[in-house]
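Have a look at the structure below, then the notes.
No lab work stands behind these numbers, since they all come straight from the coordinates. Please read these numbers as outputs of a predicted model, since none were measured by experiment. As a convention, Cβ positions derive from the backbone with ideal geometry for all residues, glycine included, and neighbour counts pool all protein chains shown.
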């Protein structure tokens, strides 16, 4: 934001959500004056096509031009404002899908009403064989639609190849706290650097090599539960995010905060708290048992603030969040959420929200007051039918735009095929 701070006789640049601004014009003093570096009750600021700044310097009866010094990506000078109109409707997926890439989905895309079970039992049966799941949580789709599933109560991550419903690989060597063992894993995140597993009840994140046999602790200390004041350890957590620079974001459910760990993090590395306070609350700077996180290309974070029944948007470096979905009060209307547990965001700022206790998936444009149901829309009641969920926990998309839902209490993963991508 570029702000005309009239009685301070200056122009400020201020990132939305930040705690402080930066003076960019008339910065030597807040006193009014007629010098070339002063203004006297300025009233408006605009930019020309090359980025030079013009100030309506009202009490001096003049308009002042501050020439742009540079237009580099450094923080000095005035950065040019560039706005490009949308000239065409994007295709469903514009690039090879990776977990860090933001989806390019048409705002008018729709999906079939009934899903196909692509992992687990369509009848909701739990089990530990290679074709069954037991309370599946986090899922990811990478490469040629290979599906990774955090099979929580089986203490494993299963890998399912395209056109198969049976696991072709198992990550984890069984229940326990050993170097490759898992204890109620809640999430999986796959990058070119390795397979990250959020080993929730061991209070750690393991990074497995792509062959899935050897692992390194990259966050947390095995068996040590984190507290509100500790940024070295983590509590029970349900989701993480690894960005394109290999920074690790952990949403610490128990301690109501987000911790950021560097790419070279190991067991015992201290993270930085970038959202929340460590205490439960509903203020803009607080979270209340959050379960879902997404990080966009600007390093802004979207948080499914579960017990506050809202989605919070947190600009990189901000001291507080902004509510972009939900009212803070649970409900079943399209303006309300009921324990939301996950969110992902496309490049057009449409959020795809797993509205858990309403047993539905919503698409919601940032800035809108209401969402649109796109999956399991006939009723908010839980069920096992092909158009129903029972405490779904995650939604992802494949390269064609089809929608996959981790339908946890039904012990299955459901695929809703893309129906249309018309821009009309």
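A few notes on this one:
- Arranged from fewest to most other beta-carbon atoms within 10 Å of their beta carbon, 373, 19 become 19, 373.
- From most to least packed by mean Cβ count within 10 Å, the peptides 266-276, 22-32 give 266-276, 22-32.
- Site pair residue 62 and residue 333 shows an inter-label distance of 5.5 nm when each label is modelled 7 Å from Cα along Cα→Cβ.
- Estimated FRET transfer efficiency when R0 is 22 angstrom, pair residue 43-residue 16 (beta carbons, to 0.05): 0.50
- In this calculation the C-beta distance from residue 225 to residue 297 is compared with R0 = 30 Å, giving a FRET efficiency of 0.35.
- Distance between the C-alpha centres of segment 362-378 and segment 15-66: 41 Å, rounded to the whole angstrom.
- Overall Cα dimensions of segment 123-263 - principal axes, largest extent first, Å: 45, 30, 25
- Over all pairs of different C-alpha atoms, segment 218-290 has a mean inverse distance whose reciprocal, the Kirkwood radius, equals 12.0 Å.
- Compared with the direct C-alpha span, the chain from residue 23 to residue 373 gains 121.6 nm at full extension, assuming 0.36 nm per residue.
- Multiplying the residue separation of residue 36 and residue 2 by 0.36 nm and subtracting their alpha-carbon distance yields 10.3 nm.
- Sorting 40-49, 242-251, 150-159 by average packing, meaning the other beta carbons within 10 Å per residue, from highest down gives 150-159, 242-251, 40-49.
- Averaged over residues, the count of other Cβ atoms within 10 Å places the peptides 58-68, 282-292, 315-325, 397-407 in the sequence 397-407, 282-292, 315-325, 58-68, highest first.
- Each 10 Å bin from zero up to the one holding the largest Cα-Cα distance in the chain carries the following percent of pairs: 5, 21, 28, 23, 13, 7, 3, 1, 0.
- If R0 is 30 Å, the Cβ-Cβ spacing of residue 170 and residue 266 corresponds to a FRET efficiency of close to 0.75.
- Residues in segment 265-305 that a label on residue 193 would reach, taking backbone N under 12 Å of a point 7 Å out along Cα→Cβ: 265-266
- Mean-position separation - Cα centroids, segment 150-228 and segment 243-297, in angstrom: 19
- Sequence of 208, 189 once ranked by neighbouring C-beta atoms within 10 Å, starting from the fewest: 208, 189
- Global form of segment 150-196, assessed from the alpha-carbon gyration tensor, a/c cut-off 1.5: oblate
- Projected over every direction and averaged, the convex hull enclosing the alpha-carbon atoms of segment 294-424 yields 8.2 nm².
- A Gaussian network model of the chain, with springs between Cα atoms under 10 Å, assigns the largest mean-square fluctuation among 259, 53, 137 to 53.
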